[in-house]
Amino acid sequence: MLVSHSRIIDIVGDIIRIAVSSSRPGSEGHPCLGDLALVDPGIGETSLAQVISIDGEMVSLQVNSGTKGLANNASVRFLGEPAKVTYSGNILGRVFDGAGHPIDRGPDLSSDPSVPLGGPSANPMKRVLASRLIRTDVPMIDVFNCLVESQKIPIFSVSGEPYNPFLARIGIQADADIVVFGGLGLIFDDYAFFRKQFEDAGVFPRTVMFINQASDPVVERLQVPDMALAVAEKFAVEEGKRVLVLLTDMTAFADALKEVSIAMERVPANRGYPGDLYSQLARRYEKACDFKGAGSVTILTVTTMPGNDVTHPVPDNTGYITEGQFYLHSGVIDPFGSLSRLKQHVIGKVTREDHNQIMNTMIRFYSGARDAEQKQSMAFELSDYDRQLLKFGALFRKRFMDIEVSKPLEEALDLCWQTLADCFEPDQLLMKQALIDKYLPNKAPPVKSADGEAA
């Protein structure tokens with residue numbers, strides 16, 4: 001029998017504090033951290049809440065549906081179990097809200113098994129060293145900053161950039177068995193866009209979506225990453241699947257943490273964010289893992305940078321946790337700001353022998369192209385080599401940096417060689433001669449007119 005408590009001390013935002021007089025945590029009627037509770041206002045429907053803090057007899061709970069209209073005489077009954085999410089093969093092709101309820105008008109899943117949220121990350125001794133490539137068919141990723149199984153990596157961007165279409169493309173094109181998508185604070189148009197993209201591309205049957213819309217309770221925003229990762233771990237461990245988790249936007253998740261922290265009157269840290277922001281982010285990102293004898297979980301997120309400030313607490317803390325980042329600005333992936341710290345585990349090992357050399361050579365020439373563009377903008381005299389670099393820079397942006405470009409890795413590598421052949425002579429490449437002889441296309445001889453002159 002559940003014990004009801006009605007000594008509500010205060011209500012701040014979506015958080016209530018209640019006095020519980022049981023002798024100790026774990027005893028009948030006394031909650032544990034993370035436990036669920038039912039809040040009964042006396043009139044109307046009950047609401048789920050979750051224990052987020054215990055200080056002696058004082059217990060703080062997040063009310064999922066918000067506290068609007070909730071009176072101080074409402075009763076709280078602790079359920080004695082943590083939050084759970086439905087997990088079975090039936091959730092593929094389904095859409096859930098931030099509380100884990102289906103919102104796609106599909107069949108009822110209440111009888112399906114469920115798994116608890118927020119468990120510990122995998123034992124490092126049970127992890128396999130990252131060594132398998134996830135192909136995305138995006139040249140700026142596959143060629144220059146490979147995405148590797150079990151990697152955790154964000155897309156750093158700013159408001160207004162096309163990071164949602166880009167994330168959807170990766171979800172559609174990525175070489176993964178299952179895609180678990182978590183939307184954080186999405187407006188309805190963005191949610192509808194992601195769903196339509198996955199349906200039109202025919203990948204929806206292998207996709208699970210957890211959606212927290214901007215109009216939904218902010219406390220549910222904190223549960224979406226945990227639900228997505230709990231489901232992903234189960235698919236990876238129990239079914240041996242290669243799972244790609246997509247989360248957007250982790251800055252909205254951090255803002256929700258800040259809102260809850262302020263409501264609980266905790267001492268704020270940098271820019272008002274809670275002092276445990278790093279731990280909260282790491283707790284989610286560290287779920288990325290290649291499990292020994294099973295599948296893998298790879299995490300790709302979007303992190304928007306307010307004011308394009310990389311020192312903002314959210315991207316700053318994220319950079320210490322993750323294994324690189326992709327910089328998306330001005331509609332392109334920046335090859336200089338982007339980094340994949342695990343790419344050395346696959347380049348030249350599971351990819352073609354020329355991958356490392358062609359990658360470095362292309363970046364070296366593009367850096368030179370940027371310098372030549374500066375000289376041109378300042379009206380300096382340009383050499384013939386500068387003009388070659390300018391031509392290369394224009395082709396590089398068109399053929400590789402445009403995020404709409406989609407090519408398999410091998411075709412992209414061949415196009416790299418073709419681009420070099422279009423702009424430079426073989427002796428200008430400064431690459432291994434054996435690779436030049438094997439992969440560099442022969443330049444077509446000049447076309448001659450009827451009088452024998454070169455056209």
- Residues being polar (S, T, N, Q), loosely packed, with under 15 Cβ neighbours inside 10 Å and within 30 Å of Phe204 (Cβ to Cβ) - total across the range 66-89: 1
- Message: Of everything in the range 257-292, what is out of contact with any Leu (no Cβ under 9 Å at 6 or more places or on another chain), without any contact (Cβ under 8 Å) to a residue 12 or more places away in the chain and within 30 Å of Lys126 (Cβ to Cβ)? Give them in sequence order.
- Response: Ser279
- Scan the range 310-323 for residues that are open to solvent by less than 40 Å² (accessible area, probe 1.4 Å) and either out of contact with any Lys or Arg (no Cβ under 6 Å at 6 or more places or on another chain) or in a helix (DSSP H, G or I) (or both) and jot them down. His312, Pro313, Val314, Pro315, Asn317, Thr318, Gly319, Ile321
- Item | Qualifying residue in the range 138-146 (condition: exposed (fewer than 14 other Cβ atoms within 10 Å of the Cβ) and not β-branched (Val, Ile, Thr)) | no
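So that you can scan it fast, the table gives a plain yes or no per residue for (1) touching a strand residue (DSSP E or B) at 6+ places or on another chain (Cβ under 7 Å); (2) closer than 15 Å to Phe253 by Cα:
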{"site": "Asp142", "(1), (2)": "no, no"}
{"site": "Val158", "(1), (2)": "yes, no"}
{"site": "Asn164", "(1), (2)": "yes, no"}
{"site": "Gly182", "(1), (2)": "yes, yes"}
- When Ala228 is evaluated against the numbered criteria (1) touching a residue at least 60 places away in the same chain (Cβ under 8 Å); (2) surrounded by 23 or more Cβ atoms within 10 Å (Cβ to Cβ), which criterion, by number, is the only one it fails? (1)
- Report, by residue number, each residue of the range 260-298 that is closer than 20 Å to Val224 by Cβ, of a type in the set (Val, Ile, Thr) and at pLDDT below 90. Val260
- Item | Matching residues in the range 106-130 - criterion: being modelled with pLDDT under 85 and assigned to a strand (DSSP E or B) | Arg127
- Message: Can you say whether Ser131 is within 21 Å of the chain's Cα centre (by Cα), open to solvent by 30 Å² or more (accessible area, probe 1.4 Å) and either in contact (Cβ under 8 Å) with a residue 12 or more places away in the chain or over 21 Å from Ser150 (Cα atoms) (or both), as far as the supplied structure shows?
- Response: yes
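The values are calculated or read from the model by the stated rules, or taken from the named source; none is laboratory data. Bear in mind the structure is a predicted one, so any value in this text is a computation, not a measurement. Cβ sites come from the backbone with ideal geometry, for glycine too, and all protein chains shown count toward neighbours. What goes into the accessible areas is simple: the full protein's heavy atoms, side chains included, and nothing from ligands, DNA or RNA. Shrake-Rupley method; radii C 1.70, N 1.55, O 1.52, S 1.80 Å.
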